[in-house]
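Let me begin by presenting the structure, written as structure tokens, before commenting on it.
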Amino acid sequence: MEDQNMDDGDQNRETEIAPAQIAVHPSQESVSVAVGSDLRVFNLREGLPVKLSDDGHSDSIRAIRYAANGKLFVSAGDDKLVKIWATDSWRCVYNVASEKRVSAVAISNDGLFVCFADKFGVVYVVDTRAFTEETPTSIIKKGVPILSHYCSIITSLEFSPDGRFIITADRDSKIRVTVFPQNSLNGAHEIQSFCLGHTEFVSCLAFVCNQEYPQGFLVSGSGDSTVRLWDFSSGSLLDTCDVGAEAAFADRKEEEGLLPITDLCTVQDGSLVAVAIQSLTGIMLLGCDLSKRNLSVVKVVSIAEETYIPTSIGSASTAELLWMVMGASSLNISDIKSLVRIRVLSGFSKCNAASVETLVLEDKDTPGGEQMLQTLQGKLSVEKEAFSSAAEAVKNSMRNLLIKKQYSAERRDFRKRGRNDIKNKAK
Amino acid sequence: MGHESTVMSTHSKSTGLPRKRFYRARAHSNPLSDSHFPVPIAPSQFDYASHYPQIFGETVETSCQRKIEFADIGCGFGGLLISLATLFPETLMIGMELRDKVTEYVKERILALRTGNPGQYQNISVVRTNSMKYIPNYFEKGQLKKMFFLFPDPHFKEKNHRRRVISTYLLDEYAYALAVGGIIYTITDVEELGEWMKSCLESHPMFEALTSQELEDDPVVKLLTTATEEGQKVARNGGKTYQAIFRRIAQPAH
Ligand SMILES: C[S@@+](CC[C@H](N)C(=O)[O-])C[C@H]1O[C@@H](n2cnc3c(N)ncnc32)[C@H](O)[C@@H]1O
């Protein structure tokens, strides 16, 4: 019946509330935000808003991402389109059609292959080598299916730092590590490992690596309120950080239960992990000691003055800034349709002696300043009342999308009776 | 007291074995349906002691290192496991079955056999689970020597092909759970499904077909048509069967 649940989701209003996403160009040349079907890009190098030469998306965007070399950008979501953009011109060079809604995207480290995952757990690959400057804009291409999680929503898709593996996480608490073969168009059949330990959906993945450990380790965040550290090549769980329990949430209500992790972001040398947690106003920073293979809470950077709960975070490899967005589309509270609020944290760098000097930048001090905020937020000042409504809406949509429905026995029977194939089979 | 008589009547007086008719269940389950049974978080959490109590006796200090090596996927009423139990007495085996009543029946059947034949049938057990979702929760990489798919549900409709228990994607997982050299056995009386399973296996880079000599030498092959309830039914009706038996091979270097 799970396929039906997913179909139900298509009609479900709440899941249509899409949390805002943020992505930062690897050398901070630009920063992009997606809210609802809106894609907003600001050119930080020139200090100008980017005009996209394309109609964009027609339904909620669920994933955005820059290639490691910064040349390509991918956006995808509920309109079943994967758009591949060239970041020099912000021209959409490829439109890839998906049969189902798209839940995650990734670009191989060499920038040649774009992968995307659909809501039924299938991962597709697109070979971008075919396009040249002369390629006409926006040809509809189809992806080639390469692997599948059996009927589970894939929540996160990543290439390992050395590019050898493609890693997929799903809402059934599974993380799968698959060899990404040279000829990926023939499928990715060789499973290297499964990282098993989470007890709820896995929401996000990131890598920590340094010179000593160039292949790196995997960190994952989950609906079970933990962040875990893995040796992804063997699937061994190295450490579990119960951030829900560790953080002293001042305003935490008991009935809220587990606090899902919504996003993770790591610094270049792997010593620090930023964690966005549902209901946490601000951001939690974890120290990561790769030689000891452990994670520990360094501190919580509170951003309490506007009940700021980030929905997505990102950073460039060249700057010591953590970019955060809090936002949601389709809010429809009074006359506020959507909310986007950007905050930038400085000092997001190497963790020295378990202390980190961080500062939440004033709007005027952010890269791109007020013009950047005007472009990405849609306006400079954001109504206070929008924050709590957005937080509530995002929480509900995440719950509906990722937490398995626990039907009562009666309700289950009722659902079964309503189904024709079973009705017909009954004697 | 009422309780005792119910228990008795579900089991045959003469053999002590459970009677199948008390464990009737719906003909087919939808493997996509949400689960309502416990699943081990990882293979290391699988409760060997409760499944194989005599082998993993609670009092033994040096914990037993043995692992499950044979898996019968969609084991139905368990006929294959029971035949294999005495053929490979040193091998731990598990049946995986989606329907809860059928699983309960197999459990009772094994318990009765253990009671009736002291020292035997200690190496087989059954779990209720959806094998299409949870294989990695039960088996580590390369842990299995044999996997069985005997008379799986055909799911004829094109749009239901993804419910089939053999597919290219699922073979990736089976290849993960199987040791290099391990063998996957499939058999069906549905020609279309037989061709499907064979073509999935043939086109998969991590499997190769056994030679006819190897098939002849393998004592397990003969059980495929005779050991299970479904196989016996097909044989009684004189039905034709289609087998595909393949070996897990090492992935060619990339
Ligand atoms: C036609 S029966 C064959 C049973 C047995 N192998 C035999 O030969 O007698 C197929 C069995 O597979 C079970 N099954 C179907 N899908 C399954 C799944 N995803 N996981 C575990 N068992 C499944 C069904 O409940 C059914 O008992």
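The values are calculated or read from the model by the stated rules, or taken from the named source; none is laboratory data. Computed from a predicted structure; not experimentally measured. Every residue, glycine as well, gets a Cβ built from its backbone with ideal geometry; the counts of neighbours run over all protein chains shown. Side chains are part of the model used for accessible areas, which takes the heavy atoms of the whole protein and leaves out ligands, DNA and RNA. Shrake-Rupley method; radii C 1.70, N 1.55, O 1.52, S 1.80 Å.
With the condition kept exactly as written, say whether any residue in the stretch A:335-348 is in contact with a helix residue (DSSP H, G or I) (Cβ under 9 Å, 6 or more places away or on another chain), among the polar types (S, T, N, Q) and modelled with pLDDT under 85. Yes - at least one qualifying residue is present in the stretch A:335-348.
Would you call A:LEU259 at pLDDT 95 or above, under 23 Å from the mean Cα position of the chain (by Cα) and either farther than 30 Å from A:VAL344 by Cβ or among the aliphatic types (A, V, I, L, M) (or both)? Steps first, answer last, please.
Numbers: at pLDDT 95 or above: no; under 23 Å from the mean Cα position of the chain (by Cα): yes; either farther than 30 Å from A:VAL344 by Cβ or among the aliphatic types (A, V, I, L, M) (or both): yes.
No: the conditions fail for A:LEU259.
Can you confirm whether the stretch B:108-120 contains a residue that is touching a residue at least 24 places away in the same chain (Cβ under 8 Å) and within 14 Å of the ligand (Cβ to nearest atom)? The answer is yes, given that some residue of the stretch B:108-120 is touching a residue at least 24 places away in the same chain (Cβ under 8 Å) and within 14 Å of the ligand (Cβ to nearest atom). Take the residues in the stretch B:220-249 that are away from the ligand (no atom under 16 Å from the Cβ) and at pLDDT 95 or above; name whichever of them is nearest to B:ALA177 (Cα to Cα). Going through the qualifying residues, I end up with B:ARG248.
For the stretch A:156-184, a residue qualifies if it is more than 9 Å from every other protein chain (Cβ to nearest Cβ) and of a type in the set (Ser, Thr, Tyr), and the qualifying residues are A:SER156, A:SER160, A:THR168, A:SER184. Each residue in the stretch A:154-165 was checked for being closer than 20 Å to A:ARG101 by Cβ and in contact with a Phe, Trp or Tyr (Cβ under 8 Å, 6 or more places away or on another chain), and 3 of them qualify. Of everything in the stretch A:304-326 that's of a type outside the set (S, T, N, Q) and modelled with pLDDT under 90, which residue is surrounded by the most Cβ atoms within 10 Å (Cβ to Cβ)? The qualifying residue surrounded by the most Cβ atoms within 10 Å (Cβ to Cβ) is A:ALA319. When restricted to residues that are buried (at least 21 other Cβ atoms within 10 Å of the Cβ) and farther than 23 Å from A:ILE153 by Cα, the stretch A:68-91 contains 2.
A single entry from A:ILE303, A:ILE313, A:ILE283 fulfils the requirement of being in contact with a Ser or Thr (Cβ under 7 Å, 6 or more places away or on another chain) and hydrophobic (A, V, I, L, M, F, W, C): A:ILE303. If you go through the stretch B:10-25 one residue at a time, do you hit one that is modelled with pLDDT of 65 or more and within 14 Å of another protein chain (Cβ to nearest Cβ)? No, the conditions are met nowhere in the stretch B:10-25.
Could you say whether any residue in the stretch B:140-148 is assigned to a helix (DSSP H, G or I) and more than 12 Å from the ligand (Cβ to nearest atom)? So far as the stretch B:140-148 goes, no, none of its residues is assigned to a helix (DSSP H, G or I) and more than 12 Å from the ligand (Cβ to nearest atom). For the stretch B:153-204, the tally of residues that are away from the ligand (no atom under 12 Å from the Cβ) and assigned to a strand (DSSP E or B) stands at 7. Between B:ARG99, B:ARG114, the distinction of being within 14 Å of chain A (Cβ to nearest Cβ) and surrounded by fewer than 22 Cβ atoms within 10 Å (Cβ to Cβ) belongs to B:ARG99 only.
Scan the stretch B:220-242 residue by residue and report those that are open to solvent by 70 Å² or more (accessible area, probe 1.4 Å) and outside any loop (DSSP other than H, G, I, E, B). Can you show your working first?
At the first step, the residues of the stretch B:220-242 found to be open to solvent by 70 Å² or more (accessible area, probe 1.4 Å) are B:222, B:226, B:230, B:232-233, B:236-237, B:240.
The answer is B:LYS222, B:THR226, B:GLU230, B:GLN232, B:LYS233, B:ARG236.
Within the stretch B:78-88, is there a residue that is open to solvent by less than 60 Å² (accessible area, probe 1.4 Å), within 10 Å of the ligand (Cβ to nearest atom) and not in a helix (DSSP H, G or I)? Checked the stretch B:78-88: at least one residue is open to solvent by less than 60 Å² (accessible area, probe 1.4 Å), within 10 Å of the ligand (Cβ to nearest atom) and not in a helix (DSSP H, G or I). Every condition in (1) assigned to a strand (DSSP E or B); (2) buried (at least 20 other Cβ atoms within 10 Å of the Cβ) is met by A:HIS57 except one, and the failing one is (1). Restricting the stretch B:166-182 to residues that are closer than 29 Å to A:VAL144 by Cα and more than 8 Å from every other protein chain (Cβ to nearest Cβ), which is farthest from the chain's Cα centre (by Cα)? Taking the candidates together, the pick is B:VAL180. Figure legend. Inter-residue proximity from the stretch A:194-217: first residues more than 14 Å from chain B (Cβ to nearest Cβ) and open to solvent by less than 30 Å² (accessible area, probe 1.4 Å), second residues aliphatic (A, V, I, L, M) and in a loop (DSSP other than H, G, I, E, B), beta-carbon distance below 7 Å, spacing 6+ or different chains. Indicated pairs: A:VAL208/A:LEU290; A:PHE217/A:LEU290.
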